[in-house]
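Read through the structure below, which is laid out as structure tokens, and then see the notes.
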Amino acid sequence: MTASAGQGALVRLENVGKTYRGLRRRVRAVADVTLEMQAGEVFGLAGPNGAGKSTLIALLLGFLKPSTGAIRIAGVAPREFVERHGVGYLSELVTIPPRWRLEEALSRYALLAGIEGAHVDARVEELVVMLGLTEHWGKQVRQLSKGSLQRVGLAQALLHNEEVIILDEPTHGLDPLWTQRFRDIVRSLRQADRLILIASHNLDELQRVADRVAIIDHGRVQRVVRTRAVADTGAASPYRLVIARGFEDARALLRHAHPIAHDELEIPALSLVELNALLRALLERGVLVASVTPMYSSLERQFREVVSDAEGDERPRTAGANE
């Protein structure tokens with residue numbers, strides 16, 4: 001039986017707030033956050049710099065205690081859960097003693113994670129292969145590139161197959177190839193009794209790997225977006241249109257479109273119904289359309305909406321309804 005068995009939501013935050021007290025003033029980093037995260041899902045956390053993401057992660061790990069409200073992981077306080085069961089954690093900045101060798105670092109972290117000594121070498125080798133670090137075997141940490149060091153940090157977080165995995169900016173420093181492979185790793189980590197929490201500025205990656213994403217700004221959850229939901233045909237979005245033939249005819253028909261290249265147009269926000277009607281009109285005129293792509297992903301569009309609203313409104317805000 002897992003630690004979360006019979007508990008419903010694996011992670012629950014109820015009206016959580018955190019205020020830092022300085023010598024001259026108080027800084028409210030998180031306010032009135034209420035969230036539930038289910039076992040079996042990948043949950044994303046997005047927000048601009050200073051939004052409160054790092055504080056929220058520190059609260060979930062039990063590094064900090066909330067000033068108000070309560071946090072429970074499998075029914076117990078975060079610190080108690082971590083001490084009983086452990087949490088796989090990748091920090092935003094990976095810091096490992098520079099003189100340690102790759103395998104030495106992972107072996108030490110494996111022992112700290114509670115892996116039995118007889119199984120350490122096999123587990124370390126498994127993760128070194130999974131994360132493409134075989135060629136760096138025997139190298140000191142200081143000899144690794146930023147991307148390779150990030151993969152070492154990810155390996156450390158995955159050593160013990162924890163029930164809760166928290167990854168803070170996991171694709172930071174990764175090249176496009178390993179960013180794509182990271183998606184496969186996340187898919188392989190999905191289990192019915194496991195929660196994976198990913199905090200990232202990379203909205204496109206969150207759109208691809210997360211089931212839901214909480215957008216946080218000014219310390220508050222502004223909206224929770226279901227990224228796996230079927231596209232809402234009523235939602236308007238701007239599009240990039242590439243014309244293979246008949247560009248001038250397209251410009252004549254799309255008077256409100258903005259040319260961004262000799263064969264590309266940016267179309268103002270349209271619903272899918274309006275977009276398809278427009279494409280039909282273009283095709284009837286003999287225009288050959290090469291591609292149609294959204295200017296922003298649905299997550300990016302909603303991020304822009306709520307962060308823009310919050311920037312222009314300093315009044316206390318309540319969390320938006322789940323999308």
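No lab work stands behind these numbers, since they all come straight from the coordinates. Remember, predicted model here, so these are calculated numbers, not experimental data. All Cβ positions, even for glycine, are placed from backbone atoms using ideal geometry, and neighbour counts span all protein chains on display.
Here are a few things to note about the model shown:
- Two-site FRET efficiency, Arg99 against Phe63, from Cβ-Cβ distance with R₀ of 22 Å, rounded to 0.05: 0.25
- Approximate shape of the chain as ellipsoid semi-axes (Cα gyration tensor, √5λ), whole Å, largest first: 40, 27, 18
- Annotation: amide H of Val30 within the under-5 Å range of Lys18, sequence separation 5 or more or interchain, hydrogens built in the peptide plane.
- Of the residues Leu93, Ala118, Gly132, the one whose Cα sits farthest towards the positive end of the charge dipole of region 82-135 is Leu93 (charges of +1 on Lys and Arg Cβ, -1 on Asp and Glu Cβ, taken about the Cα centre).
- Near the amide H of Leu197, within less than 5 Å, lie the amide hydrogens of Phe43, Ile165, Ile166, Leu167, all on another chain or at least 5 residues away, with H placed in the peptide plane.
- Distance between modelled label sites at Leu270 and Arg84, nm, 7 Å Cα→Cβ extension: 5.6 nm
- Value of [θ]222 nm, deg cm²/dmol, for the chain, DSSP H segments ≥ 4, -39500 (n - 2.57) each, nearest 500: -10500 deg cm²/dmol
- C-alpha long axis of helix 272-284 to longest principal axis of the chain, angle in °: 40 degrees
- Stokes-Einstein diffusion for region 42-101 at 20 °C, viscosity 1.002 mPa s, with a Kirkwood radius from C-alpha pairs, works out to 159 µm²/s.
- With only the Cα atoms considered, region 237-296 has a convex hull volume of 66 Å³ per residue.
- Cα-centre dipole for the chain with unit charges at Cβ (Lys and Arg positive, Asp and Glu negative), debye to 20: 880 debye
- Beta bridges per DSSP with both ends in the chain, % antiparallel, nearest 5: 70 percent
- Cross-link partners for Lys65 among the lysines, with Cα-Cα distance under 27 Å and sequence neighbours closer than 8 places in the same chain left out: Lys18, Lys53.
- Region 48-197: projected area of the alpha-carbon convex hull, averaged over directions, in nm²: 9.9 nm²
- Site pair Leu111 and Arg187 shows an inter-label distance of 3.8 nm when each label is modelled 7 Å from Cα along Cα→Cβ.
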